[in-house]
Amino acid sequence: MTTVLLLTAGVAAGLILIGAALLPARSEPLAVTIARFDAITANPDPPTQPPAWWQGGLERLTAACARSSRRWWRIPTADLMVLGQTAQAFTTRRLAAGGIGLLATTALVVPILSPLQLPVAALAGMAMGWMVPVVMVTRAAKVARGQLVAAIAVLCDLTAQERDAGRAPAQAVVEATAVADGWVATLVRARLRSAQRLGHTPWEALTALAEQVQVREVADLAEIIATATDGAAISRALRDKATALRATAIQTDTATANARVEWLVWPVALLVVGMVLLVVRGIATQVITP
């Protein structure tokens, strides 16, 4: 009876944590973020309230993970930046996934393992659950970086068109982001506005963004625009860069498609082997049976 109650409680708690883990990570709208930054600038020392005990513990755990250099413990700041997620939200998902792994492993191995082996299996399940968000964020960030590179190619073309219309380099890239659509254009536009408020140049803002999201193509756009301040004609360079980025994207998509096709060979081969074994078994049964 005790085992049944334990399994029921574990499954119920696991379902609750699964629902919490599957919820989309909290991402703050860009307008809200800019408004909050403006409020901090206007009032740099606002009255603060002590956080709740669980929030304080979450902040300390997030800070400890941020200081670590281990792959499975550190916080992938660049990946979270690309995805528009916060470090605390990522840590929360980690804790939820670790709890799911702990409860699921406990519910599965209680009837099998001895009480001495149960803690080891439970800790192994929790560690596996802790690693799942890292893999998910890494894969999602890879896809997002591909979208960012494609959007940078579009921005290069639009900036070249604005430059041909006679606009200055800084104004050309600002106008290009204003007419473009999508989350990449919104991100770049917000960075350019922040740079304008702080008195920085657009290429400095783009270079800083490239370092934060670890996308070299953004820095390339910044370098091309910076050369225009020395009198260089950048329209042709921007169009050549856009063409090169599109060609790279096509090559990457082709390689990914080929890899997926090659991976499908194994299921087909296993299916053929299974069918051959069934045929051989039927023939052998008829031969052996008197």
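What follows is calculated from the coordinates using simple rules that are stated; it is not laboratory data. It should be emphasised that the depicted structure is a prediction, and the values quoted were computed from it without experimental measurement. Here the Cβ is made from the backbone with ideal geometry for all residues, glycine too, and neighbour counts use every protein chain on show.
Residues checked against (1) surrounded by 10 or more Cβ atoms within 10 Å (Cβ to Cβ); (2) in contact (Cβ under 8 Å) with a residue 40 or more places away in the chain; (3) closer than 20 Å to ILE152 by Cβ:
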{"site": "ALA228", "(1), (2), (3)": "yes, yes, yes"}
{"site": "ASP253", "(1), (2), (3)": "yes, no, yes"}
{"site": "THR256", "(1), (2), (3)": "yes, no, yes"}
{"site": "VAL280", "(1), (2), (3)": "yes, no, no"}
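In the stretch 174-220, the residue that is surrounded by the fewest Cβ atoms within 10 Å (Cβ to Cβ) out of those that are among the acidic types (Asp, Glu) and not in a loop (DSSP other than H, G, I, E, B) is GLU211. Selection within the stretch 169-196: residues that are within 21 Å of SER235 (Cα to Cα) and touching a residue at least 40 places away in the same chain (Cβ under 8 Å). The member of this set that is farthest from the chain's Cα centre (by Cα) is PRO169.
The set of residues in the stretch 144-157 being surrounded by 21 or more Cβ atoms within 10 Å (Cβ to Cβ) and over 13 Å from ARG246 (Cβ atoms) consists of LEU148 alone. Applying a threshold of 9 Å to beta carbon distances and a minimum spacing of six or more residues, or different chains, the list of pairs starting in the stretch 84-97 at a residue that is under 21 Å from LEU209 (Cα atoms) and ending at one that is aromatic (Phe, Trp, Tyr) reads GLY84/TRP183.
TRP263 falls short on exactly one of the conditions (1) under 16 Å from THR159 (Cα atoms); (2) surrounded by fewer than 10 Cβ atoms within 10 Å (Cβ to Cβ), and that condition is (1).
Within the stretch 98-143, restricting attention to residues that are free of Cβ contacts under 8 Å to residues at least 60 places away in the same chain, of a type in the set (A, V, I, L, M, F, W, C) and part of a loop (DSSP other than H, G, I, E, B), the residue that is surrounded by the most Cβ atoms within 10 Å (Cβ to Cβ) is LEU113.
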